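Visitor: Got a structure here, written out as structure tokens. Questions coming.
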Amino acid sequence: MNWEQLITLPVYQLNQAEKMPLFNQQLVELAHYHYQHSENYRDIIDFLYQGKLPEDEVPALAVRLFKHHLLKSISTEDIFRITTSSGTTSQQVSQIVLDKENALRQQKVLATIMKQWLGGKRLPMLIIDHPKVIKNKFSYSARGVGIQGMSLFGYDHTYALNEDMSINIGAVSQFIDKHKDQKIFIFGFTFIVWQYFIQKLKEKNTQLGIADAVLLHSGGWKKLQDKAVSNQTFKSQLNTVLGNVKVHNFYGMVEQTGTVYVECEASYLHCPIWSDVIIRKKSNLAEEEKNGIEGIIQVNSLLPTSYPGHALLTEDLGIIIGEDNCQCGKKGKYFQVNGRLAKAEMRGCSDTQS
Amino acid sequence: MILNLKNSPLRLLLSKNKTAVFDDKVTLPPFYEGTIEAFSQLGLFLMKNGRREPSIVAAGYWLRKKHLLTIKQQYHDRCNTAKGVAFHIAPGNVDTLFFYSIVVSVLSGNQTILRISNKLTQETQFFIELLADFFNDHKKHDAVYALIHIIQYQHDTDHGHDITLRLSLFADARVIWGGDAAVAEISEIPQKIDANNITFPDRYSVAVIHLENDSEIGNAVNQLITDIKPFYQQACSSPKVIYWLDTAQQLQEKFWLLFIEKTTKQLSLSTSDLISQLVYLQRLPLLLNHPVKNKLNVEKYNELHKVDVEFITLDAIKAHCGLWTLLSLQITTLADIKLFSHCQTVTTSGIDVSIIEQWQQSAKLAETAKRFVPAGQALTFSHIWDGIDLIDSLTS
Ligand SMILES: [Zn+2]
């Protein structure tokens, strides 16, 4: 795979006929690469597909597999970093093995995608979190990694929260005042932005009156759905409290860091050129051919070379809305995420604790 | 002693008349005539009114008078008094296990308080409604009804933890179902001095099948379905492994064809379960290729996956999540079977009783498998479970 060429492709400009033959060819090559280089991947494929990669599809690994096994396509000496997903103490975390090349590629692709939304210049950056969240160098938690990754696109990094999650209103006002004549970049995790920033400012009847900003947020709607907060509510309340802010949610996961799916002005998530989304039927996990039907999201990405994470079946529900014809003008597939699949019911003897 | 939990955030199921005040003086003699009478009547009631749930009918059948008296006879010279108060922690989704736990406890004469999951299946809710209906309509069994309490509370909150602690300190016996995690977590909570802690950690079960001719296939298939279908093969006593004892390949093929025919549209899984099944299948080669490569092959029969293996690993058993996966091994003699120490039930089909008895007595097996039953009876409850005599443990 020639990444020097791949990285130069326009992020959202190729239509289906231009993108998919190229993308699929690269993905198949990548699958063969992992088949050769990852013993575990080879064992799984040999077991489930009679000894060789199937010709008509690139099999997806269940994303949960990375919570149980350290899957890698590189030798142990070449491990540069192992990133982990966040998780509460009772949950197991995903472990993603990266070599230098893969880690660098993730950053590069992320930067190229972000440029589309933030512009080419670094912007003054307000982080809706507390500074301690990245201090622990040994644990690359998803929150820490996310903030560090995004920090590259900003300068004058200012944390909006104190360690107890209260607003550091002094720091926030000073930051806004200082950069009142330029566009600023705000970043945070969806729930934290809502709960500890927007809601708290609203309670205090504070309006920040920002003149020009882009806010990117991620991390999932689960907790907000529980509170029945829609994307529209989120955006309108945010604009009331903060001012003139363009809001973009994005979808991504630690298992495929780099290829994020950013929400456009029409409120749909867009596939960048280096990744693709497939919907699988809820009834049997077969590929859903039609758009507009909710199913399980599979994410395919060309980035993972150091671990076999190029095709992953998530546990998120989503709908592909269309391809090449979003009203925002971007080409490629656009979709929405409808939340997580309900947790599997345990019917065995081992569920006293529910 | 009286334990008053009236002001604690807990819910009493069964009857609105019950209050969360528990008196350890309220007990009955073990195998008290009135108890046997009440339960055998309840059995008839369940078989009649619970017809739409096979597991409830089976519970009713278990309560037939003759069966209860047979159990009584096994204890005629011991078990003279009830322990007192028995606190049970039951799994919510093995729909009927909570009930057997209550029955054995009440047969032993104990004041029985059973904590049930907050997420009840429809079957369990229906079962509890039937119990309430029966006792509310048969006031003459009030003395027995007075021993039965089913409660729900949020055990993972401070209040919930307090309730568990107070019940544990109040009870003379604590029965913990629900596997390793539940046993470890709840066992840490202190109990009354001299109280019994009766625990049921994770177990797995296996099936041994021997077929000699076509005529045996139908029964063997039916029995396997009976043993794995309830609770989506997730009950500890549902087999996860099939050992084919000296059985021709061609008979096995016919077995699976018939299995497909008999299970069409019966084993469908929810999306979450489909993903859990996929996760297990994708994990299997990684779990089975230790310490040496295993020769594996997977076949799909409706939703069920049969996985041929050369040997079994503990990891593959521990990760098994039910949902229709059977590990399959070919053996030429029973001595080829190697069981892990947490094996619970061995079901057998087509094998002579004397051969099984012989095998059972072999020293190695004695410390592993706890229970040998004919195929089709894997899920049939017994008052001796996992090698624990529940009646003995709940009386003195
Ligand atoms: Zn769009």
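The values are calculated or read from the model by the stated rules, or taken from the named source; none is laboratory data. For clarity, every value in this text was computed on a predicted model and none was experimentally measured. Here Cβ is always computed from backbone atoms with ideal geometry, including for glycine, and neighbour counts include all displayed protein chains. These area figures cover heavy atoms from the full protein model, side chains too; ligands, DNA and RNA do not enter into them. Shrake-Rupley method; radii C 1.70, N 1.55, O 1.52, S 1.80 Å.
Visitor: Pull up segment A:298-343, narrow it to residues that are within 18 Å of A:M20 (Cα to Cα) and of a type in the set (V, I, T), then point me to the one that is nearest to the ligand (Cβ to nearest atom).
Guide: A:I321
Visitor: A further question follows. Which of the residues that make up segment B:114-129 are aliphatic (A, V, I, L, M), out of contact with any helix residue (DSSP H, G or I) (no Cβ under 6 Å at 6 or more places or on another chain) and either open to solvent by less than 20 Å² (accessible area, probe 1.4 Å) or closer than 21 Å to B:V21 by Cα (or both)?
Guide: B:I128
Visitor: Is it true that some residue in segment B:295-307 is more than 7 Å from chain A (Cβ to nearest Cβ) and more than 15 Å from B:L326 (Cβ to Cβ)?
Guide: yes
Visitor: Would segment B:37-56 turn up any residue that is under 19 Å from B:F98 (Cα atoms), open to solvent by less than 90 Å² (accessible area, probe 1.4 Å), without any contact (Cβ under 8 Å) to a residue 60 or more places away in the chain and among the charged types (D, E, K, R)?
Guide: no
Visitor: Tell me the residue from A:G120, A:G51 that is modelled with pLDDT under 95 and at positive phi, please.
Guide: When all the criteria are applied, what remains is A:G51.
Visitor: Open to solvent by 40 Å² or more (accessible area, probe 1.4 Å), over 15 Å from the mean Cα position of the chain (by Cα) and within 15 Å of the ligand (Cβ to nearest atom) - does that describe any residue in segment A:270-287?
Guide: no
Visitor: Same structure again: Kindly evaluate A:E315 against the criterion of being within 14 Å of another protein chain (Cβ to nearest Cβ), of a type in the set (D, E, K, R) and touching a Gly at 6+ places or on another chain (Cβ under 8 Å).
Guide: no
Visitor: For segment B:282-396, which fully contained helices (runs of 4 or more DSSP H) count at least 1 residues that are open to solvent by 70 Å² or more (accessible area, probe 1.4 Å)?
Guide: Where helices (runs of 4 or more DSSP H) fall fully within segment B:282-396 and carry at least 1 residues being open to solvent by 70 Å² or more (accessible area, probe 1.4 Å), they are B:314-318, B:353-361, B:363-366.
Visitor: When you go through (1) within 15 Å of the ligand (Cβ to nearest atom); (2) outside any strand (DSSP E or B) one by one for A:F250, which number turns out not to apply?
Guide: So the condition that A:F250 fails would be (2).
Visitor: Looking at (1) without any contact (Cβ under 8 Å) to a residue 60 or more places away in the chain; (2) more than 14 Å from chain B (Cβ to nearest Cβ); (3) touching a Ser or Thr at 6+ places or on another chain (Cβ under 9 Å); (4) away from the ligand (no atom under 15 Å from the Cβ), which is the one condition that is false for A:N231?
Guide: (4) is the only condition that A:N231 fails.
Visitor: For segment A:253-267, what are the residues that are within 16 Å of the ligand (Cβ to nearest atom) and closer than 28 Å to A:V145 by Cβ?
Guide: Passing the criteria: A:V260, A:Y261, A:V262, A:E263, A:C264, A:E265, A:S267.
Visitor: Could you count how many residues in segment B:49-79 are within 17 Å of the chain's Cα centre (by Cα) and either modelled with pLDDT of 95 or more or part of a helix (DSSP H, G or I) (or both)?
Guide: Within segment B:49-79, residues that are within 17 Å of the chain's Cα centre (by Cα) and either modelled with pLDDT of 95 or more or part of a helix (DSSP H, G or I) (or both) number 10.
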